[in-house]
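Just so it is clear, none of the values below were taken in a lab; they were calculated from the coordinates. Note that the structure is predicted; figures quoted are calculated from it, not measured. Using ideal geometry, Cβ is built from the backbone for each residue, glycine included, and neighbour counts are taken over all protein chains shown.
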Amino acid sequence: MKQAIRKILWPILKHFENGEIGPNYKKSYRAILIVVGVLFLVLSSISVAGLIYTGELGALIPAVIFSVVAFVSLTVGTVGSDKAVSRIWGDR
């Protein structure tokens, strides 16, 4: 199942899986990335609720941005390789 999802989402994963694993990579980075993705998903939901409640289209911009960040974070965190997770965090 994981390989099928990786094939579907290859355009996103291809960008992050270039290069090598950073020297300071830790296994906990993957869990932190998933938590960050969930937090951005919550922010996106709050923005969508604000959009529905107020009817202001200005709430659409943060909803879209938070949704994209959540999708990329959750995608890389769940089905991405260690290289992809390391590339998200950089060489810190």
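Read through the list (1) surrounded by 12 or more Cβ atoms within 10 Å (Cβ to Cβ); (2) in a helix (DSSP H, G or I), then give the number of the only condition that Ile52 fails.
Every listed condition holds for Ile52 apart from (1).
Please go through the range 62-92 and pick out each residue that is among the hydroxyl-bearing types (Ser, Thr, Tyr), over 18 Å from Ser45 (Cβ atoms) and surrounded by fewer than 18 Cβ atoms within 10 Å (Cβ to Cβ).
Thr78, Ser81
Looking at Ile5, Ile32, Ile21, which is the one that is among the aliphatic types (A, V, I, L, M) and outside any helix (DSSP H, G or I)? Working first, answer last.
Working: Ile5 fails: outside any helix (DSSP H, G or I); Ile32 fails: outside any helix (DSSP H, G or I).
The match here is Ile21.
Are any residues in the range 55-81 part of a helix (DSSP H, G or I) and in contact with a Phe, Trp or Tyr (Cβ under 7 Å, 6 or more places away or on another chain), and if so, which ones? Outline the logic, then answer.
First pass over the range 55-81, keeping only residues part of a helix (DSSP H, G or I): 57-79.
Within the range 55-81, Phe66, Val69, Ala70, Ser73, Val76 qualify.
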